[in-house]
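Remarks on the structure that follows.
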Amino acid sequence: MEFGRVPEEQIGSIDFSLPVNPQFTIDTLTASKNKSPLQVHVGCAKWGRKEWVGQIYPPKTKDANFLDEYVKHFDCIELNATFYQVYGPDTIGKWKQKADANPDFKFCPKFSQSISHIRRLKNADDITTTFYDGVLAFGDKLGPLFLQLSDNFTPKSLPELTAYLERLPTDLPVYVELRHKDWFAVPENKEAAFSLFKRLNIGSILTDATGRRDCLHMMLPTPHAFIRFVGNGLHPTDYLRCDEWVDRIVEWKELGLQSVWFFMHQHDERYSPELCDYVIAKLNDKLALNIHRPQFIGKEQGLFE
């Protein structure tokens, strides 16, 4: 992911501290009536990474078998493949079969760019129906869907966003990622967007990217968190940022958080499994969980003990 990337020499000057919880989020979490154990999922954005061969994929693993190997290490994936192409039930059914080896695995598909970026949510009902018909083939492996809006999708398009979200099926969880700066810089725009999400029970995506700290709005319209963490190649600040996220998740759990989806991105994806392992180890420790950790070639245990 290139979003929010800055030159390496600028990383040390960035304030990476997480913003305080807005009252909006506190109200959402404390209103949660579900006292079930917190559900925590940690994964990456793609399975097709040749850099992971010899790292977590066995040597000489073929591209066609990458997904078979990925599901052995993680319980979810932020499925960006569906952004670039609308896949039918046949292809998605084959992916599901590969994931059946992991009973807890979930696919979290991104809405097609033909919906979000090309048609910009207008006259997109037909493509949306085709998109849903495809992803429903994941069956019990289907996690939440996420709609990423483009950097140039401004608050002037709130009516289109409202109309589109109001027409979506309500039986599948959906999260929205806003990127244009005016959604966050203008209080009235921020209030309008997140109030809309709360009314429709739509989740919001928190994107933690170095050069776009405004996307770290910390607004939770539902008691569920979807976090897209963009690291900087295992820069020392990556670990400090992850530590702070783990502490915030613990805090949100005490307030009433019901689930968290934490997806790891790196500008160089070779480093994503290692930082995922770090996050999982910390979450297991702080929350007394037993999330399966990725297994590295030549290591009997995880990297962080």
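Each reported figure results from applying straightforward, stated rules to the coordinates on display, with no laboratory input. Keep in mind the model is a prediction, meaning the values are calculated, not measured. We place every Cβ from the backbone using ideal geometry, glycine too, and count neighbours over all the protein chains shown.
So, in nm, how far is label GLU2 from label ILE297 when the simple model puts each one 7 Å beyond its Cα toward the Cβ?
2.9
Taking the Cβ of PRO159 as the center, what net charge do the other residues with Cβ under 14 Å away carry, scoring Lys and Arg +1 and Asp and Glu -1? The partial results should precede the final answer.
Working: positive: ARG120, LYS122, LYS156, ARG167; negative: GLU160, GLU166.
Local charge sum for PRO159: +2.
Given points 7 Å out from each Cα along the Cα-Cβ axis, report the THR91 to ASN34 separation in nanometres with one decimal.
So the two model labels end up 3.1 nm from each other.
With Cβ to Cβ distances under 14 Å as the rule, what net charge do the other residues near GLN39 carry (K, R +1; D, E -1)? Could the numbers behind the result be given before it?
Values: positive: LYS35, LYS106, LYS253; negative: ASP75, ASP104.
The answer is +1.
Full extension from ALA192 to GLU244: what is 0.36 nm times the residue separation minus their Cα-Cα distance, to one decimal in nm? Walk me through the numbers before you get to the answer.
Details: separation 52, 0.36 × 52 = 18.72 nm, distance 2.86 nm.
Length gained between ALA192 and GLU244: 15.9 nm.
For a test of the definition: using alpha carbon positions, the gyration tensor, and the 1.5 limit on a/c, classify region 1-62 as rounded, prolate or oblate. Display every interim value, and only then the final one.
Details: a/c = 3.89, a/b = 1.40, b/c = 2.77.
Oblate.
With a cut-off of 8 Å between alpha carbons and a minimum separation of six or more residues, what is the relative contact order of the chain in percent?
25
When ranked by the protection proxy of mean other Cβ atoms within 10 Å per residue, highest first, what sequence do the peptides 21-28, 227-234 form? Don't jump to the answer; show the numbers that get you there.
Values: 21-28: 16.4, 227-234: 20.5.
In decreasing order of mean packing, 21-28, 227-234 become 227-234, 21-28.
Would region 82-130 count as rounded, prolate or oblate if I go by the C-alpha gyration tensor, calling it rounded below 1.5 in a/c and otherwise prolate when a/b exceeds b/c, oblate otherwise? Don't skip to the answer; put the middle values down first.
On the way: a/c = 3.32, a/b = 2.46, b/c = 1.35.
The shape class here is prolate.
So for each of 241-251, 108-118 I average, over its residues, the number of other beta carbons within 10 Å; can you give me the resulting order with the highest mean first? Write down the numbers at each step before the final one.
Details: 241-251: 17.6, 108-118: 20.4.
The most tightly packed comes first, giving 108-118, 241-251.
Take the alpha carbon atoms of region 190-243, find their center, do the same for region 1-16, and report the distance between the two centers in whole angstrom.
Spelled out, the Cα-based centre of one part sits 16 Å from the other.
For labels at ILE127 and ILE26 in the simple 7 Å Cα→Cβ model, what's the distance in nm?
4.1
Exceeding 28 Å between C-alpha atoms, which entries from my cross-link table qualify? They are LYS110/LYS253; LYS50/LYS286; LYS33/LYS141; LYS35/LYS94; LYS33/LYS94; LYS98/LYS181.
Values: LYS110/LYS253 26 Å; LYS50/LYS286 32 Å; LYS33/LYS141 26 Å; LYS35/LYS94 36 Å; LYS33/LYS94 37 Å; LYS98/LYS181 39 Å.
Cα-Cα > 28 Å for LYS50/LYS286; LYS35/LYS94; LYS33/LYS94; LYS98/LYS181; rest within.
Mind checking the full-extension length gain between ASP63 and LYS46? Use 0.36 nm per residue of separation minus the Cα-Cα distance, one decimal, nm. Don't skip to the answer; put the middle values down first.
On the way: separation 17, 0.36 × 17 = 6.12 nm, distance 1.23 nm.
Gain on extension, ASP63 to LYS46, equals 4.9 nm.
With bins 10 Å wide starting at 0, give me the P(r) of region 38-287 over every alpha carbon pair, in whole percents.
That works out to 7, 31, 37, 22, 3, 0, in percent per bin.
How do 127-134, 288-295 rank on mean C-beta neighbours within 10 Å, highest first? Intermediate values should be presented prior to the final figure.
Values: 127-134: 16.6, 288-295: 14.9.
With the highest mean Cβ count within 10 Å placed first, the list reads 127-134, 288-295.
What net charge is computed for the residues neighbouring ARG228, neighbours being all others with C-beta under 9 Å from the C-beta of ARG228, Lys and Arg scored +1, Asp and Glu -1?
On the way: positive: none; negative: GLU78, GLU177, ASP208.
Net of charged neighbours comes to -3.
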